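The values are calculated or read from the model by the stated rules, or taken from the named source; none is laboratory data. All of these numbers come straight from a predicted model, not from anything done at the bench. Neighbour counts run over all protein chains shown; Cβ positions are idealised from the backbone, glycine included.
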Amino acid sequence: MEKLDLKQGREIYLVGLTGNIACGKSVVVEMLRKRGATIIDADRVVHGLMEPGGTIYGPVVEAFGETILTEPDRQGQRAINRRKLGAIVFADPAELARLEAISHPRVRVEILRQVREAPSKVVVLDAIKLLENGLDQAADAVWVVTCPPEVQLERLMRRNNFSREEALLRIQAQPPQAEKVARADLVIDNGGELGATEEQVQAAWEKIKI
C-alpha cells in the first residue's frame, strides 16, 4: 500500500505493534496505553466488522457457508462462530488466504479512519497481521513482541483453553517469529519477568520524538 498521509493538519507518531499469537502484545499495549498512547486493536476491528450487519459478515458467510454461524439469538440473528471459522481457516492455508482476501481491505479502511481520528499524538496499531497486510508501511516504527516458543505454546493453551493440538495449529499457521523480527525497528522480549518488559517499553517510549 502507498505511504499514508497521517498528518491531516497535525503530527502523529504511529507505532506498528505486532508479534505472533500469545507472545504478549496485549501486555505491551496496556503499558503504552498507560503512557498516553491511543490504541487501535486490529483484532477488535475485525470482530466488530464480522458482527451481523458489519461489512465482513455477509461476504464471510457467503464464502464459508452457514455452518459457521451460531444458533439464532432472541432477535433472530446468527453470529459468526469464530472458533468454527478458525477450525476451517487454520487447517488450510488456502482457506486462510480466502478469508484474508475478504477481510483485509475492509479492515484497512476502518483502521485508517481510526488512525486519522486518534485523540493523541502517539498512536499504536496493534495488529498481528501488520506486516502481511502492508500496514507496516504506514508506521513510523515497527515494534515486534517476542517470547520463547515453549512460553508461547503454554500461554495459548492456558489463555484460550486449547488443547496442545489446537494451539499448535494456530501457531503453525503463522509465519515464524524470526520473519517479524527481521523487519522490526524494535524487538521487545516478553519471555521473562513483567518488570523487564516494562523497562524495554519505557526505554522505547522515551525515544519517541514528535
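For this structure, a couple of remarks:
- Given (1) without any contact (Cβ under 8 Å) to a residue 12 or more places away in the chain; (2) within 22 Å of Val145 (Cβ to Cβ); (3) surrounded by 15 or more Cβ atoms within 10 Å (Cβ to Cβ), index of the condition Gly16 fails: (1)
- In the range 182-199, the residues that are over 16 Å from Asp136 (Cβ atoms) form Cβ pairs under 9 Å with partners that are surrounded by 13 or more Cβ atoms within 10 Å (Cβ to Cβ) and among the charged types (D, E, K, R), at six or more places apart or across chains, as follows: Asn190/Lys25; Ala196/Asp189; Thr197/Asp189.
- Residue check, Arg113 free of Cβ contacts under 8 Å to residues at least 40 places away in the same chain, under 24 Å from Ile171 (Cβ atoms) and basic (Lys, Arg): no
- Lone qualifier among Gln114, Gln137, Gln152 - being in a helix (DSSP H, G or I) and loosely packed, with under 15 Cβ neighbours inside 10 Å: Gln137
- Among the residues making up the range 51-67, a single one is free of Cβ contacts under 8 Å to residues at least 24 places away in the same chain and either of a type in the set (A, V, I, L, M) or not assigned by TED's automatic domain parsing to the domain that holds Ala97 (or both): Val61.
- The set of residues from the range 52-108 being in contact with a helix residue (DSSP H, G or I) (Cβ under 7 Å, 6 or more places away or on another chain), in a loop (DSSP other than H, G, I, E, B) and of a type in the set (A, V, I, L, M, F, W, C) comprises Ile56, Phe90, Ala91.
- Boolean, Ile171 is part of a helix (DSSP H, G or I) and outside the structural domain of Glu95 (by TED's automatic domain parsing): yes
- Hey, Ala101 more than 23 Å from Leu14 (Cα to Cα), under 15 Å from the mean Cα position of the chain (by Cα) and not hydroxyl-bearing (Ser, Thr, Tyr) or not: no
- Output for the range 27-46, where each listed residue is assigned to a helix (DSSP H, G or I), surrounded by 15 or more Cβ atoms within 10 Å (Cβ to Cβ) and either of a type outside the set (Gly, Ala, Ser) or free of Cβ contacts under 8 Å to residues at least 24 places away in the same chain (or both): Val27, Val28, Val29, Met31, Leu32, Val45, Val46
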